[in-house]
Amino acid sequence: MTFDKLGLSQPVLQALDLKGYNTPTPIQAQAIPPVLEGRDLLGIAQTGTGKTAAFMLPSIDRLREAGRQTPFKSCRMLVLAPTRELAGQIAQSAKDYGALAGLKVQSIVGGTSVNKDRNKLHRGTDILVATPGRLLDLIDQKAFGLGSVEILVLDEADQMLDLGFIHALRKISQLVPDDRQTLFFSATMPKQIKELVGKYCREPVHVSVTPESTTAERIDQYLFMVQQDEKQTLLEMILRGRHPVPGKIERVLVFTRTKHGADRVVKKLAQAGVPANAIHGNKSQPQRERALSEFRSAKTPVLVATDVAARGIDIPGVSHVVNYELPNVPEQYVHRIGRTARAGADGIAIAFCAEDERAYLKDIRKTTDAEFDRLPLPDNFRAVVEGVGPTKPAPRPPHQRVAVKPRGEGRPASGEQRKSNAKHSHRTGRPRIGEGRGGEGDSARPRRRRRRSGRGGRG
Ligand code: AMP
(Lines give C-alpha, C1' and ligand atoms only; values in the text may rest on other atoms or scores of the structure.)
Protein backbone atom coordinates (compact mmCIF):
# COMPACT_ATOMS: atom_id res chain seq x y z
CA MET A 1 0.00 0.00 0.00
CA THR A 2 1.26 3.45 -0.87
CA PHE A 3 -0.16 6.90 -0.15
CA ASP A 4 -0.99 7.63 -3.78
CA LYS A 5 -3.52 4.76 -3.77
CA LEU A 6 -5.55 6.53 -1.10
CA GLY A 7 -6.72 9.40 -3.26
CA LEU A 8 -4.62 12.20 -1.77
CA SER A 9 -3.68 15.22 -3.87
CA GLN A 10 -0.25 15.93 -5.35
CA PRO A 11 0.69 18.72 -2.90
CA VAL A 12 -0.04 16.46 0.07
CA LEU A 13 1.83 13.57 -1.54
CA GLN A 14 4.79 15.85 -2.10
CA ALA A 15 4.74 16.97 1.51
CA LEU A 16 4.73 13.32 2.59
CA ASP A 17 7.65 12.69 0.31
CA LEU A 18 9.56 15.49 2.00
CA LYS A 19 8.78 13.96 5.40
CA GLY A 20 10.04 10.61 4.13
CA TYR A 21 6.81 8.70 4.74
CA ASN A 22 6.37 5.98 2.14
CA THR A 23 3.81 3.61 3.58
CA PRO A 24 0.56 4.54 5.30
CA THR A 25 0.14 3.16 8.80
CA PRO A 26 -2.98 0.95 9.28
CA ILE A 27 -5.07 3.79 10.66
CA GLN A 28 -4.04 6.03 7.79
CA ALA A 29 -4.94 3.36 5.23
CA GLN A 30 -8.35 2.86 6.84
CA ALA A 31 -9.24 6.44 7.68
CA ILE A 32 -8.03 8.51 4.74
CA PRO A 33 -10.47 7.25 2.05
CA PRO A 34 -13.70 7.77 4.06
CA VAL A 35 -12.53 11.15 5.37
CA LEU A 36 -11.80 12.24 1.79
CA GLU A 37 -15.38 11.28 0.98
CA GLY A 38 -16.61 13.62 3.69
CA ARG A 39 -17.75 10.93 6.13
CA ASP A 40 -17.62 11.39 9.88
CA LEU A 41 -15.09 9.12 11.54
CA LEU A 42 -14.67 7.42 14.88
CA GLY A 43 -11.07 6.31 15.30
CA ILE A 44 -10.00 4.09 18.16
CA ALA A 45 -6.28 4.43 18.18
CA GLN A 46 -3.46 4.83 20.62
CA THR A 47 -0.80 7.46 20.30
CA GLY A 48 2.02 6.44 18.03
CA THR A 49 -0.22 4.89 15.41
CA GLY A 50 0.03 7.81 12.99
CA LYS A 51 -3.45 9.10 13.71
CA THR A 52 -2.48 12.75 13.34
CA ALA A 53 -1.68 12.26 9.67
CA ALA A 54 -4.75 10.02 9.36
CA PHE A 55 -7.03 12.98 10.03
CA MET A 56 -4.79 15.83 8.85
CA LEU A 57 -3.90 14.64 5.35
CA PRO A 58 -7.43 14.09 3.98
CA SER A 59 -8.70 17.20 5.81
CA ILE A 60 -6.09 19.34 4.10
CA ASP A 61 -7.29 18.00 0.78
CA ARG A 62 -10.92 18.65 1.62
CA LEU A 63 -10.12 22.21 2.65
CA ARG A 64 -8.21 22.79 -0.59
CA GLU A 65 -11.00 21.34 -2.66
CA ALA A 66 -13.72 23.41 -1.02
CA GLY A 67 -11.50 26.42 -1.66
CA ARG A 68 -13.26 28.80 0.75
CA GLN A 69 -11.57 31.96 1.97
CA THR A 70 -9.93 32.10 5.36
CA PRO A 71 -12.73 33.42 7.60
CA PHE A 72 -12.31 36.54 9.72
CA LYS A 73 -11.94 35.69 13.46
CA SER A 74 -12.78 32.05 12.78
CA CYS A 75 -11.33 28.92 11.23
CA ARG A 76 -12.27 26.28 8.69
CA MET A 77 -10.86 23.31 10.54
CA LEU A 78 -10.79 23.10 14.31
CA VAL A 79 -8.69 20.46 16.08
CA LEU A 80 -9.26 20.09 19.82
CA ALA A 81 -6.52 18.43 21.84
CA PRO A 82 -6.22 17.82 25.59
CA THR A 83 -2.74 19.14 26.28
CA ARG A 84 -0.46 21.92 25.18
CA GLU A 85 2.17 19.49 23.99
CA LEU A 86 -0.23 17.53 21.84
CA ALA A 87 -1.71 20.72 20.39
CA GLY A 88 1.80 21.91 19.53
CA GLN A 89 2.64 18.66 17.81
CA ILE A 90 -0.57 18.57 15.81
CA ALA A 91 -0.03 22.16 14.68
CA GLN A 92 3.49 21.29 13.60
CA SER A 93 2.21 18.29 11.63
CA ALA A 94 -0.46 20.45 10.01
CA LYS A 95 2.25 22.90 8.95
CA ASP A 96 4.45 20.11 7.60
CA TYR A 97 1.69 18.31 5.71
CA GLY A 98 -0.03 21.46 4.56
CA ALA A 99 3.19 23.22 3.55
CA LEU A 100 2.47 22.99 -0.14
CA ALA A 101 -1.28 23.46 0.15
CA GLY A 102 -1.04 27.11 1.16
CA LEU A 103 -3.17 26.76 4.29
CA LYS A 104 -2.69 28.95 7.33
CA VAL A 105 -2.20 27.05 10.58
CA GLN A 106 -2.38 28.49 14.10
CA SER A 107 -2.49 27.00 17.56
CA ILE A 108 -3.69 28.36 20.88
CA VAL A 109 -3.10 26.76 24.26
CA GLY A 110 -3.46 27.73 27.89
CA GLY A 111 -0.49 29.08 29.83
CA THR A 112 0.43 31.66 27.21
CA SER A 113 -0.66 35.26 26.60
CA VAL A 114 -4.34 35.41 25.70
CA ASN A 115 -3.83 38.85 24.13
CA LYS A 116 -1.30 37.44 21.71
CA ASP A 117 -3.74 34.70 20.78
CA ARG A 118 -6.45 37.26 20.21
CA ASN A 119 -4.21 39.25 17.90
CA LYS A 120 -2.99 36.29 15.93
CA LEU A 121 -6.51 35.02 15.31
CA HIS A 122 -7.94 38.38 14.37
CA ARG A 123 -7.57 37.70 10.67
CA GLY A 124 -8.71 34.12 11.08
CA THR A 125 -6.93 30.94 10.10
CA ASP A 126 -7.61 27.89 7.95
CA ILE A 127 -6.61 25.35 10.59
CA LEU A 128 -6.75 26.03 14.31
CA VAL A 129 -5.37 23.58 16.87
CA ALA A 130 -6.60 24.44 20.35
CA THR A 131 -6.99 23.19 23.86
CA PRO A 132 -10.68 23.57 24.82
CA GLY A 133 -10.19 25.99 27.71
CA ARG A 134 -8.25 28.61 25.79
CA LEU A 135 -10.62 28.35 22.85
CA LEU A 136 -13.61 29.06 25.08
CA ASP A 137 -11.77 31.99 26.68
CA LEU A 138 -11.46 33.60 23.25
CA ILE A 139 -15.04 32.77 22.33
CA ASP A 140 -16.26 34.29 25.63
CA GLN A 141 -14.31 37.43 24.81
CA LYS A 142 -15.97 37.50 21.37
CA ALA A 143 -12.51 37.34 19.84
CA PHE A 144 -13.27 34.15 17.93
CA GLY A 145 -16.26 32.25 16.61
CA LEU A 146 -16.90 28.76 15.31
CA GLY A 147 -19.51 29.56 12.67
CA SER A 148 -17.18 28.78 9.75
CA VAL A 149 -15.95 25.38 10.92
CA GLU A 150 -16.13 22.84 8.12
CA ILE A 151 -14.14 20.09 9.83
CA LEU A 152 -14.00 19.43 13.55
CA VAL A 153 -11.47 17.01 15.05
CA LEU A 154 -11.53 15.81 18.64
CA ASP A 155 -8.22 14.17 19.39
CA GLU A 156 -7.66 12.00 22.47
CA ALA A 157 -11.24 12.61 23.53
CA ASP A 158 -10.98 10.26 26.50
CA GLN A 159 -8.12 12.31 27.84
CA MET A 160 -10.08 15.52 27.39
CA LEU A 161 -12.80 13.99 29.51
CA ASP A 162 -10.31 12.92 32.14
CA LEU A 163 -9.08 16.48 32.30
CA GLY A 164 -12.54 17.76 33.06
CA PHE A 165 -13.23 19.27 29.65
CA ILE A 166 -16.68 17.70 29.34
CA HIS A 167 -18.54 21.00 29.79
CA ALA A 168 -16.26 22.76 27.35
CA LEU A 169 -16.85 20.00 24.79
CA ARG A 170 -20.61 20.17 25.25
CA LYS A 171 -20.53 23.92 24.77
CA ILE A 172 -18.33 23.72 21.70
CA SER A 173 -20.65 21.11 20.17
CA GLN A 174 -23.42 23.73 20.23
CA LEU A 175 -21.30 26.39 18.57
CA VAL A 176 -20.12 24.53 15.49
CA PRO A 177 -22.30 24.37 12.36
CA ASP A 178 -24.45 21.28 11.95
CA ASP A 179 -23.22 20.51 8.46
CA ARG A 180 -19.59 20.11 9.46
CA GLN A 181 -17.57 16.91 9.22
CA THR A 182 -16.47 15.42 12.56
CA LEU A 183 -13.45 13.20 13.15
CA PHE A 184 -13.40 11.78 16.63
CA PHE A 185 -10.39 9.99 18.11
CA SER A 186 -10.03 8.23 21.40
CA ALA A 187 -7.71 5.53 22.67
CA THR A 188 -10.42 4.01 24.83
CA MET A 189 -14.18 3.87 24.52
CA PRO A 190 -15.80 4.14 27.93
CA LYS A 191 -19.53 4.88 28.17
CA GLN A 192 -19.22 8.62 28.40
CA ILE A 193 -17.15 8.73 25.23
CA LYS A 194 -19.81 6.73 23.40
CA GLU A 195 -22.34 9.34 24.47
CA LEU A 196 -20.13 12.13 23.19
CA VAL A 197 -19.67 10.34 19.88
CA GLY A 198 -23.47 10.20 19.59
CA LYS A 199 -23.61 13.96 20.17
CA TYR A 200 -20.85 14.89 17.78
CA CYS A 201 -20.89 12.40 14.92
CA ARG A 202 -23.37 11.40 12.24
CA GLU A 203 -23.14 7.76 11.21
CA PRO A 204 -19.40 7.71 11.66
CA VAL A 205 -17.20 5.18 9.92
CA HIS A 206 -15.54 3.13 12.67
CA VAL A 207 -11.83 2.60 12.40
CA SER A 208 -9.90 0.75 15.06
CA VAL A 209 -6.25 -0.11 15.00
CA THR A 210 -5.93 -1.73 18.38
CA PRO A 211 -8.59 -3.70 20.16
CA GLU A 212 -10.12 -1.59 22.87
CA SER A 213 -7.93 -1.24 25.94
CA THR A 214 -5.34 -3.80 25.02
CA THR A 215 -1.69 -3.12 25.52
CA ALA A 216 0.57 -2.68 22.53
CA GLU A 217 2.01 -5.90 21.18
CA ARG A 218 5.51 -4.73 20.61
CA ILE A 219 6.05 -3.83 24.23
CA ASP A 220 7.65 -6.29 26.62
CA GLN A 221 6.18 -5.73 30.04
CA TYR A 222 8.02 -6.48 33.25
CA LEU A 223 7.04 -6.27 36.86
CA PHE A 224 8.86 -5.74 40.14
CA MET A 225 7.03 -6.37 43.40
CA VAL A 226 8.68 -3.83 45.66
CA GLN A 227 7.76 -1.83 48.73
CA GLN A 228 6.75 1.77 48.20
CA ASP A 229 9.69 3.16 50.17
CA GLU A 230 12.11 0.98 48.21
CA LYS A 231 11.06 2.17 44.78
CA GLN A 232 13.46 5.09 44.62
CA THR A 233 16.42 2.83 45.35
CA LEU A 234 15.29 0.38 42.70
CA LEU A 235 14.88 3.13 40.13
CA GLU A 236 18.32 4.51 40.88
CA MET A 237 19.86 1.06 40.59
CA ILE A 238 18.20 0.52 37.24
CA LEU A 239 19.19 3.92 35.89
CA ARG A 240 22.75 3.50 37.11
CA GLY A 241 23.05 0.10 35.53
CA ARG A 242 23.12 -1.83 38.81
CA HIS A 243 20.16 -3.93 37.87
CA PRO A 244 20.31 -5.57 34.48
CA VAL A 245 16.78 -4.85 33.29
CA PRO A 246 16.05 -6.00 29.76
CA GLY A 247 16.85 -3.75 26.85
CA LYS A 248 19.41 -1.11 26.19
CA ILE A 249 18.53 1.95 28.24
CA GLU A 250 18.46 5.07 26.10
CA ARG A 251 15.65 7.33 27.18
CA VAL A 252 13.53 6.54 30.18
CA LEU A 253 10.10 7.96 30.85
CA VAL A 254 9.11 7.48 34.50
CA PHE A 255 5.47 7.83 35.55
CA THR A 256 4.18 8.89 38.93
CA ARG A 257 0.55 9.43 39.89
CA THR A 258 1.06 12.89 41.30
CA LYS A 259 2.92 16.10 40.59
CA HIS A 260 4.59 16.09 44.00
CA GLY A 261 5.56 12.48 43.46
CA ALA A 262 7.26 13.42 40.18
CA ASP A 263 9.17 16.28 41.83
CA ARG A 264 10.23 14.04 44.69
CA VAL A 265 11.61 11.39 42.36
CA VAL A 266 13.55 14.00 40.37
CA LYS A 267 14.99 15.56 43.52
CA LYS A 268 16.16 12.25 44.90
CA LEU A 269 17.59 11.20 41.56
CA ALA A 270 19.54 14.45 41.49
CA GLN A 271 20.85 13.72 44.99
CA ALA A 272 21.96 10.33 43.70
CA GLY A 273 23.76 11.96 40.78
CA VAL A 274 21.26 10.95 38.10
CA PRO A 275 20.06 14.03 36.20
CA ALA A 276 16.34 14.02 35.44
CA ASN A 277 13.59 16.50 34.67
CA ALA A 278 9.95 16.51 35.71
CA ILE A 279 7.02 17.41 33.52
CA HIS A 280 3.59 18.03 34.99
CA GLY A 281 0.79 20.52 35.24
CA ASN A 282 2.58 22.83 37.67
CA LYS A 283 5.47 23.41 35.32
CA SER A 284 5.45 26.53 33.19
CA GLN A 285 5.38 26.22 29.43
CA PRO A 286 9.10 27.12 29.07
CA GLN A 287 9.98 24.56 31.75
CA ARG A 288 8.02 21.88 29.94
CA GLU A 289 9.59 22.75 26.64
CA ARG A 290 13.07 22.69 28.09
CA ALA A 291 12.46 19.32 29.76
CA LEU A 292 11.15 17.88 26.50
CA SER A 293 13.95 19.23 24.39
CA GLU A 294 16.58 17.94 26.82
CA PHE A 295 14.86 14.58 26.76
CA ARG A 296 14.66 14.51 22.97
CA SER A 297 18.32 15.39 22.62
CA ALA A 298 19.20 12.87 25.35
CA LYS A 299 20.95 15.63 27.30
CA THR A 300 18.73 14.63 30.23
CA PRO A 301 17.47 11.22 29.18
CA VAL A 302 15.29 10.63 32.25
CA LEU A 303 11.93 12.36 32.31
CA VAL A 304 9.55 11.94 35.23
CA ALA A 305 5.97 12.66 34.25
CA THR A 306 2.38 12.56 35.38
CA ASP A 307 -0.18 11.00 33.08
CA VAL A 308 -1.72 14.22 31.92
CA ALA A 309 1.56 15.91 31.10
CA ALA A 310 2.94 12.96 29.22
CA ARG A 311 -0.07 12.41 27.08
CA GLY A 312 0.61 13.72 23.66
CA ILE A 313 4.35 13.83 23.95
CA ASP A 314 5.81 12.42 20.80
CA ILE A 315 9.42 11.50 21.35
CA PRO A 316 11.10 8.91 19.25
CA GLY A 317 13.44 6.54 21.00
CA VAL A 318 11.84 6.10 24.43
CA SER A 319 13.52 2.81 25.25
CA HIS A 320 11.86 2.26 28.64
CA VAL A 321 8.72 3.36 30.38
CA VAL A 322 8.89 2.90 34.14
CA ASN A 323 5.60 2.83 36.00
CA TYR A 324 7.06 4.04 39.28
CA GLU A 325 3.53 4.17 40.61
CA LEU A 326 0.82 2.15 38.94
CA PRO A 327 -2.01 4.18 37.47
CA ASN A 328 -5.29 3.89 39.32
CA VAL A 329 -7.24 4.07 36.06
CA PRO A 330 -6.30 0.98 34.04
CA GLU A 331 -6.62 2.67 30.65
CA GLN A 332 -3.86 5.06 31.68
CA TYR A 333 -1.52 2.11 31.72
CA VAL A 334 -2.12 1.65 28.01
CA HIS A 335 -1.39 5.30 27.34
CA ARG A 336 1.73 5.26 29.46
CA ILE A 337 3.38 2.27 27.91
CA GLY A 338 2.32 3.49 24.47
CA ARG A 339 5.07 6.09 24.82
CA THR A 340 7.63 3.40 24.12
CA ALA A 341 7.64 1.15 21.04
CA ARG A 342 6.58 3.97 18.74
CA ALA A 343 7.10 4.04 15.00
CA GLY A 344 7.87 0.37 14.67
CA ALA A 345 10.49 0.09 17.44
CA ASP A 346 10.29 -2.46 20.23
CA GLY A 347 9.77 -1.07 23.69
CA ILE A 348 10.12 -2.08 27.30
CA ALA A 349 7.68 -1.23 30.06
CA ILE A 350 8.59 -1.81 33.69
CA ALA A 351 6.05 -1.66 36.49
CA PHE A 352 6.86 -1.18 40.17
CA CYS A 353 4.02 -2.60 42.24
CA ALA A 354 3.83 -2.05 45.99
CA GLU A 355 1.63 -4.08 48.30
CA ASP A 356 -1.12 -1.46 48.32
CA GLU A 357 -1.13 -1.26 44.52
CA ARG A 358 -2.03 -4.89 43.92
CA ALA A 359 -5.63 -3.96 43.25
CA TYR A 360 -4.48 -1.56 40.53
CA LEU A 361 -2.34 -4.30 39.05
CA LYS A 362 -5.27 -6.65 39.03
CA ASP A 363 -7.41 -4.03 37.30
CA ILE A 364 -4.73 -3.40 34.70
CA ARG A 365 -4.44 -7.09 33.92
CA LYS A 366 -8.17 -7.52 33.70
CA THR A 367 -8.86 -4.45 31.61
CA THR A 368 -5.90 -4.42 29.28
CA ASP A 369 -4.84 -8.07 28.99
CA ALA A 370 -1.34 -6.96 29.98
CA GLU A 371 1.07 -9.86 30.43
CA PHE A 372 3.89 -9.22 32.84
CA ASP A 373 7.13 -11.09 33.34
CA ARG A 374 8.19 -10.71 36.90
CA LEU A 375 11.75 -9.60 37.55
CA PRO A 376 13.62 -10.40 40.76
CA LEU A 377 15.00 -7.60 42.89
CA PRO A 378 18.79 -7.27 42.73
CA ASP A 379 20.71 -9.66 45.04
CA ASN A 380 22.07 -6.90 47.22
CA PHE A 381 18.86 -4.89 47.16
CA ARG A 382 17.84 -5.15 50.82
CA ALA A 383 21.35 -4.34 51.92
CA VAL A 384 21.39 -1.27 49.70
CA VAL A 385 17.96 -0.14 50.92
CA GLU A 386 18.95 -0.61 54.55
CA GLY A 387 22.22 1.17 53.99
CA VAL A 388 24.32 -1.76 55.16
CA GLY A 389 25.35 -2.81 51.72
CA PRO A 390 27.41 -1.04 49.13
CA THR A 391 25.15 2.00 48.93
CA LYS A 392 28.11 3.91 47.62
CA PRO A 393 29.72 1.58 45.17
CA ALA A 394 33.26 2.12 44.10
CA PRO A 395 33.47 5.34 42.09
CA ARG A 396 33.25 4.89 38.37
CA PRO A 397 34.97 6.92 35.75
CA PRO A 398 32.96 10.12 35.29
CA HIS A 399 31.65 9.16 31.87
CA GLN A 400 30.01 6.07 33.34
CA ARG A 401 28.34 7.68 36.30
CA VAL A 402 24.97 8.13 34.79
CA ALA A 403 23.93 4.82 33.46
CA VAL A 404 21.36 6.28 31.13
CA LYS A 405 23.43 6.99 28.11
CA PRO A 406 22.58 6.70 24.48
CA ARG A 407 24.55 3.47 24.21
CA GLY A 408 23.73 1.98 27.60
CA GLU A 409 26.23 0.26 29.83
CA GLY A 410 26.54 -3.37 29.07
CA ARG A 411 22.96 -4.25 29.68
CA PRO A 412 21.58 -7.39 28.16
CA ALA A 413 19.93 -6.43 24.94
CA SER A 414 19.21 -9.76 23.38
CA GLY A 415 15.92 -11.54 23.66
CA GLU A 416 17.73 -14.50 25.23
CA GLN A 417 18.98 -12.45 28.09
CA ARG A 418 15.70 -10.64 28.47
CA LYS A 419 13.89 -13.86 28.95
CA SER A 420 16.47 -15.22 31.36
CA ASN A 421 15.71 -12.25 33.54
CA ALA A 422 12.05 -12.83 33.35
CA LYS A 423 11.31 -16.42 34.05
CA HIS A 424 8.45 -16.15 36.46
CA SER A 425 5.30 -15.11 34.77
CA HIS A 426 3.27 -13.87 37.61
CA ARG A 427 -0.40 -13.52 38.27
CA THR A 428 -1.41 -12.24 41.65
CA GLY A 429 -3.95 -9.80 42.90
CA ARG A 430 -6.64 -9.50 45.46
CA PRO A 431 -10.03 -7.94 45.61
CA ARG A 432 -10.23 -4.29 44.71
CA ILE A 433 -9.41 -2.07 47.64
CA GLY A 434 -10.13 1.27 46.09
CA GLU A 435 -9.53 3.26 43.01
CA GLY A 436 -9.23 6.87 42.03
CA ARG A 437 -8.70 8.92 39.01
CA GLY A 438 -5.37 9.36 37.33
CA GLY A 439 -4.03 12.60 36.11
CA GLU A 440 -2.67 15.60 37.80
CA GLY A 441 -4.14 15.28 41.29
CA ASP A 442 -1.83 15.78 44.16
CA SER A 443 -2.86 13.03 46.49
CA ALA A 444 -1.09 9.70 46.31
CA ARG A 445 -3.85 8.09 48.33
CA PRO A 446 -6.15 5.80 46.41
CA ARG A 447 -9.50 7.54 45.99
CA ARG A 448 -12.87 6.40 44.89
CA ARG A 449 -13.16 6.30 41.16
CA ARG A 450 -14.38 9.63 39.83
CA ARG A 451 -12.80 9.58 36.43
CA ARG A 452 -15.03 12.11 34.78
CA SER A 453 -15.48 14.68 37.46
CA GLY A 454 -11.90 15.52 38.07
CA ARG A 455 -9.90 18.64 37.61
CA GLY A 456 -11.68 21.14 35.50
CA GLY A 457 -8.47 22.63 34.21
CA ARG A 458 -8.42 24.63 31.07
CA GLY A 459 -5.70 23.86 28.63
P1 AMP B 1 0.96 10.02 15.90
O2 AMP B 1 0.29 8.75 16.30
O3 AMP B 1 0.14 10.82 14.97
O4 AMP B 1 1.42 10.80 17.10
O5 AMP B 1 2.28 9.65 15.06
C6 AMP B 1 3.33 8.93 15.63
C7 AMP B 1 4.66 9.14 14.91
O8 AMP B 1 4.68 8.44 13.67
C9 AMP B 1 4.96 10.58 14.57
O10 AMP B 1 6.31 10.82 14.90
C11 AMP B 1 4.75 10.68 13.08
O12 AMP B 1 5.57 11.68 12.53
C13 AMP B 1 5.13 9.29 12.62
N14 AMP B 1 4.40 8.86 11.40
C15 AMP B 1 3.09 9.07 11.11
N16 AMP B 1 2.75 8.49 9.94
C17 AMP B 1 3.85 7.89 9.46
C18 AMP B 1 4.14 7.10 8.29
N19 AMP B 1 3.20 6.82 7.39
N20 AMP B 1 5.39 6.64 8.13
C21 AMP B 1 6.34 6.90 9.07
N22 AMP B 1 6.15 7.62 10.19
C23 AMP B 1 4.91 8.11 10.39
Seminar exercise, completed: Measure of exposure for residue 363: accessible area at 1.4 Å probe, Å² rounded to 10, is 10
Exercise. Share of the range 10-134's accessible area from carbon and sulfur, percent, 1.4 Å?
Worked result: 44
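Ranked from the most accessible area to the least, with a 1.4 Å probe and all protein chains present, what is the order of 283, 171, 191, 231? Could the numbers behind the result be given before it?
On the way: 283 50, 171 85, 191 155, 231 0 Å².
I get 191, 171, 283, 231, largest accessible area first.
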For this session: Round to the nearest 10 and report in Å² the accessible area of residue 299, as given by a 1.4 Å probe over the protein chains' heavy atoms.
Result: 140
For this session: Please report, as a whole percent, how much of the solvent-accessible surface of the range 219-385 comes from carbon and sulfur atoms (probe radius 1.4 Å).
Result: 46
Problem set entry | Cα shape, the range 16-149, gyration tensor, a/c 1.5 rule | prolate
Seminar exercise, completed: Phi-derived 3J(HN,Hα) across the range 116-121 with the Karplus relation (6.51, -1.76, 1.60, θ = phi - 60°), rounded Hz, x for Gly and Pro, is 4, 4, 4, 5, 6, 9
Seminar exercise, completed: Straight-line reach check, residue 120, cutoff 20 Å on alpha carbons, 8 or more apart in-chain or any other chain, hits among lysines -> 73, 95, 104, 142
Exercise. What is the Cα centroid distance between the range 36-72 and the range 226-300, reported in whole angstrom?
Worked result: 36
For this session: Would you mind checking which residues have amide H under 5 Å from residue 153's amide H? H placed 1.01 Å from N; only 5 or more apart, or other chain.
Result: 78, 79, 80, 183
Exercise. Given labels modelled 7 Å from the Cα in the Cβ direction, how far is it in nm from residue 141 to residue 366?
Worked result: 4.7
Problem set entry | Prolate/oblate/rounded label for the range 217-370 (Cα gyration tensor, a/c 1.5) | rounded
Exercise. Check residue 223: other-chain or 5+ apart residues with amide H under 5 Å from its amide H, H built from backbone geometry?
Worked result: 351, 373, 374, 375
Seminar exercise, completed: For the range 76-231, shape from the Cα gyration tensor axes a ≥ b ≥ c, cut at a/c of 1.5 then a/b versus b/c, turns out prolate
For this session: From largest accessible area down, sort 96, 61; use a 1.4 Å probe on the protein chains.
Result: 96, 61
For this session: Leaving ligands, DNA and RNA out of it, report the carbon-plus-sulfur percent of the accessible area of the range 174-213 at a 1.4 Å probe.
Result: 47
Seminar exercise, completed: Measure of exposure for residue 19: accessible area at 1.4 Å probe, Å² rounded to 10, is 70
Problem set entry | Anchor residue 366: aspartates and glutamates whose Cα lies under 14 Å away (excluding residues fewer than 8 positions away in-chain) | 212, 331
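The values are calculated or read from the model by the stated rules, or taken from the named source; none is laboratory data. Just so you know, these numbers come straight off a predicted model, no measurement behind them. Don't worry about glycine lacking a Cβ; one is built from the backbone with ideal geometry, like all the others, and counts go over all protein chains shown. All accessible areas refer to the heavy atoms of the entire protein, side chains included, with ligands and DNA or RNA removed. Shrake-Rupley method; radii C 1.70, N 1.55, O 1.52, S 1.80 Å.
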